[in-house]
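Chemist: Dumping the structure here so I can ask a few things about it.
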Amino acid sequence: MLTLNSDVKYIKGVGEKRAELFHKLGIFCVKDLVEYYPRAYQDWSAAAKAADCENGAQVSIKATMIKPVREHMVRRGMTLYKCSFSDGDTIINVTIFNNKYLANSLKLYEDYILFGKLEKRLTSAEMSSPQIEKAESNIKIHPVYPATDRLNSKAIAKVARTALEALPEFEETLPKEIRDKYRLAPLDFAIRQIHFPDSRENAIIARKRLIFEELLVLQLGLLKLKSKKKTKTNIRIKTDFTREFYSLLPFEPTGAQRRAIADCIADMQSEYPMNRLIQGDVGSGKTAVAAGIIYTAVKNGYQAALMAPTEILANQHFGTLSPMLSASGIRVELLTGSTPAKEKREIKRRLMDGEIDLIIGTHAIIQNDVEFKELGLVITDEQHRFGVNQRASLALKGEEVHTLVMSATPIPRTLALMIYGDLDISVLDELPPGRQPVRTDVVNSSYRRRIYDFIKKAIARGEQAYIVCPLVDGEEPTMASAEKYAEKLANGAFYGYNIGILHGKMKPKAKDEIMRAFAEGSVKVLVSTTVIEVGVDVPNATIMVIENAERFGLSQLHQLRGRVGRGNAGSYCILISDSEGDSAQERLQIMKKYSDGFKIADEDLKQRGPGDFFGSRQHGLPDLKIADMLGDIETLKICRACADEILAKDEKLDLEKHRAIADKISDMFRNSVSN
Ligand code: ADP
Ligand code: MG
């Protein structure tokens with residue numbers, strides 16, 4: 001008997017070979033297929049007369065076959081089958097390519113539905129390769145599935161139908177009172193109707209139910225994550241040292257920075273552990289916020305850890321924070337993958353003995369093999385790279401530690417509140433004063449010479465530039481490669497200049513050296529892959545050139561652009577793209593038009609380019625099968641309220657009626673992305 005866990009190869013008509021085609025779509029078991037929802041439908045129910053249809057339109061026409069199939073072999077491997085139909089007024093001549101099976105199945109004087117593009121002629125009409133179905137077939141609305149070349153939507157539909165017919169009734173997951181209250185269809189109805197709706201209305205009803213369930217499960221999961229963290233903590237900040245900290249800063253903190261620090265201190269003074277997200281656009285000054293709360297935590301006798309996603313960033317944080325904090329007696333150390341073994345051991349010992357107040361490093365290292373004497377605060381920079389799973393395990397050394405995550409991903413606040421449902425949020429909505437917007441231009445590669453001259457002028461003024469290439473040498477030959485590119489510059493346009501190169505395949509130590517040379521100003525031009533995307537801060541760099549700009553998502557471009565415009569000199573971002581596609585050009589123009597990350601995020605959402613903001617990589621949430629975080633934001637809100645209601649009555653979800661939904665939660669969060 002077929003169950004949801006059965007391998008797809010056991011569905012009648014599939015077998016080993018075709019199962020592989022399904023694997024390509026991520027479908028391995030029957031459940032995957034059931035959750036492989038159509039992306040659209042073709043409505044064949046409104047059968048029209050050819051005379052009433054517009055020329056060139058996609059139509060469905062009910063017609064009788066009036067001339068049998070004639071076979072024409074055009075050449076080897078190409079056979080045409082021609083036949084004619086009548087809808088009572090118009091004769092429709094149909095051509096079928098290479099589909100002998102379909103051609104042979106057609107019977108003279110029977111009624112069919114023809115679905116496809118209609119070409120009108122003076123006295124007749126033509127359809128080329130329409131889909132043809134018997135008129136008495138009760139399928140009126142056909143699902144359209146995301147398909148591949150070798151497995152088309154129709155084939156998927158056929159298998160889905162076979163599977164659904166073989167499966168017993170789907171067990172209901174939502175309690176009746178919730179279905180009643182929110183007017184949701186039963187699960188069995190929803191699943192069957194989403195694939196093969198009897199009417200458009202049913203398709204909508206089915207969709208609504210499935211989206212609701214998915215978002216409800218998401219919200220419940222996130223809220224449970226939050227409540228899990230609601231254990232009291234003994235780590236309490238008694239004295240607020242923020243004023244003292246401000247006197248150490250080389251600048252006046254912005255209002256937003258002050259507010260964020262105050263939020264964090266208040267959290268750490270309460271009896272529950274802090275669990276906060278700081279969202280701030282690139283350059284909004286998150287590092288100073290981190291330093292501020294570290295200062296107070298340490299002055300209250302606790303140790304702190306600052307974790308970064310890359311060594312470059314960890315090094316940079318160390319370089320900024322160590323001098324500032326050491327001056328007031330705070331002991332700061334750096335721990336990364338390239339710290340020599342002996343030194344590592346020594347640092348770990350000192351952490352355990354409480355001889356280090358702040359440890360800065362890559363999160364893998366700090367998370368995995370470090371013990372503290374009196375850890376009170378863990379800060380994770382560039383949090384958007386970490387998934388829900390890591391968020392759950394962030395409070396790493398005991399649940400009561402205060403945790404702060406910092407992210408530059410500008411998610412609209414209402415949405416952030418819901419997708420980061422387990423976190424409190426502070427937003428840095430203000431840039432430090434004196435920042436000039438980065439002037440952005442989109443050009444094609446014929447401008448490259450002029451760009452190089454422009455960079456040389458900037459170097460003559462004592463400034464520096466980044467040039468970003470998409471991939472490292474050899475990975476994708478059609479793209480500008482960083483290594484070759486740097487070599488070409490060094491031997492050509494920039495002969496005699498100090499050109500640096502930075503990419504992900506380099507040893508951490510080599511990366512560090514280059515970054516240091518760039519920060520010190522001895523390297524004038526840094527040719528790099530996107531490893532500089534996250535957080536790097538060299539205020540003296542004023543030009544960012546991005547090759548093959550169309551290959552990047554807007555969020556990535558925004559991050560990259562954020563590497564310049566950090567000092568007081570006017571800065572430039574030059575996007576080079578030879579892509580002539582309208583959508584690529586349009587996306588790049590958005591970069592030119594807006595400098596605010598939130599605006600760009602909104603536009604990105606409308607356009608959905610590569611690597612968009614709401615890809616699972618960006619927000620770190622589980623992949624959703626049917627709901628769309630932004631398109632369904634209203635439902636998301638309703639589900640949040642519903643989830644609150646459920647948890648208020650059954651906090652642990654151990655009532656029998658909530659068993660199925662609890663299973664769904666563990667299902668969703670077990671599979672959630674960990675990247
Ligand atoms: P991000 O939020 O992108 O991590 P950073 O913390 O790297 O931003 O700060 C960007 C730059 O702005 C740094 O050079 C930092 O010294 C500077 N900066 C931060 N806060 C202020 C401020 N209040 N006034 C002036 N400069 C500031
Ligand atoms: Mg930063």
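Chemist: Only Cα pairs under 8 Å and at least 6 apart count here; give the relative contact order of the range 168-241 as a rounded whole percent.
Modeler: 22 percent
Chemist: Another question, then. Just the ratio, please: alpha-carbon radius of gyration of the chain over 2.2 N^0.38 Å, N its number of residues.
Modeler: Working: Rg = 30.4 Å, N = 675, 2.2 N^0.38 = 26.2 Å.
That works out to 1.16 for the chain.
Chemist: Given q = 0.12 Å⁻¹, what are the Debye log10 I(q)/I(0) values for the range 202-265, with equal point scatterers placed on the Cα positions and solvent ignored?
Modeler: With no solvent term, the Cα-only Debye profile gives -0.63.
Chemist: So, with +1 on the Cβ of K and R and -1 on the Cβ of D and E, and no other charges, what is the size of the charge dipole of the chain about its Cα centre, to the nearest 20 debye?
Modeler: Details: 96 positive and 90 negative charges, 193 e Å.
The calculated dipole for the chain is roughly 920 debye.
Chemist: Starting from the amide H of Lys373, placed 1.01 Å from N in the peptide plane, find each other amide H under 5 Å away whose residue is 5 or more places distant or on another chain.
Modeler: Gly354
Chemist: Moving on to the next point. Write out the trypsin sites (Lys or Arg not before Pro) in the range 117-164 meeting two conditions: DSSP loop, and at most 10 other Cβ atoms within 10 Å of their Cβ.
Modeler: Values: sites: Lys117, Lys120, Arg121, Lys134, Lys140, Arg150, Lys154, Lys158, Arg161; in loops: Arg121, Lys140, Arg150.
Of the trypsin sites (Lys or Arg not before Pro), the ones in loops of the range 117-164 whose Cβ has at most 10 other Cβ atoms within 10 Å are Arg150.
Chemist: So which chymotrypsin sites (Phe, Trp or Tyr not before Pro) in the range 226-331 end up in coil per DSSP with only 16 or fewer other C-beta atoms within 10 Å? Display every interim value, and only then the final one.
Modeler: Details: sites: Phe241, Phe245, Tyr246, Phe251, Tyr295, Tyr302, Phe318; in loops: Phe241, Phe251, Tyr302.
In loop regions of the range 226-331 (DSSP not H, G, I, E or B), the sparsely surrounded chymotrypsin sites (Phe, Trp or Tyr not before Pro) are Phe251.
Chemist: At 1.4 Å probe size, with the rest of the protein present, what percent of the exposed accessible area of the chain is carbon and sulfur atoms? Don't skip to the answer; put the middle values down first.
Modeler: Values: 15470 of 31370 Å².
Taking all protein chains in place, the chain shows 49 percent carbon and sulfur surface.
Chemist: Of all chymotrypsin sites (Phe, Trp or Tyr not before Pro) in the range 72-148, which ones are in loop regions per DSSP and have a Cβ with at most 13 other Cβ atoms within 10 Å? Write out the running numbers ahead of the final one.
Modeler: Values: sites: Tyr81, Phe85, Phe97, Tyr101, Tyr109, Tyr112, Phe115; in loops: Tyr109.
Here the sparse-neighbourhood loop sites are Tyr109.
Chemist: On to the next question. Output the direction-averaged projected area (hull surface divided by four) of the convex hull of the alpha-carbon atoms of the range 1-72, in nm². Working shown, then result.
Modeler: On the way: hull surface 36.0 nm².
Orientation-averaged projected area of the Cα hull: 9.0 nm².
Chemist: For the chain, what is the calculated [θ] at 222 nm in deg cm²/dmol (nearest 500), taking -39500 (n - 2.57) for each run of four or more DSSP H residues and dividing by its residue count? Write down the numbers at each step before the final one.
Modeler: Numbers: 24 runs with 264 residues, N = 675.
That calculation yields -12000 deg cm²/dmol at 222 nm.
Chemist: If you build the Cα gyration tensor of the range 40-148 and take the root of 5 times each eigenvalue, what three semi-axes come out, in whole angstrom, biggest first? Before the final figure, lay out each step's value.
Modeler: Numbers: eigenvalues 83, 64, 40 Å².
Working from the Cα gyration tensor, I get semi-axes of 20, 18, 14 Å.
Chemist: In whole Hz, with x marking every Gly and Pro, tabulate ³J(HN,Hα) for the range 555-570 from phi via Karplus 6.51 cos²θ - 1.76 cosθ + 1.60, θ = phi - 60°.
Modeler: 5, 5, 4, 5, 4, 4, 4, x, 6, 10, x, 9, x, 9, 6, x
Chemist: While we're looking at this one, here's another question. Three principal axis extents, largest first, for the C-alpha atoms of the range 495-608, in Å?
Modeler: 41, 30, 27
The values are calculated or read from the model by the stated rules, or taken from the named source; none is laboratory data. Because the structure is predicted, anything quoted here is derived from the model rather than measured. Note: ideal-geometry Cβ built from the backbone for every residue, glycine included; neighbour counts use all protein chains shown. Only protein heavy atoms, including side chains, enter the accessible area calculation; ligands, DNA and RNA are left aside. Shrake-Rupley method; radii C 1.70, N 1.55, O 1.52, S 1.80 Å.
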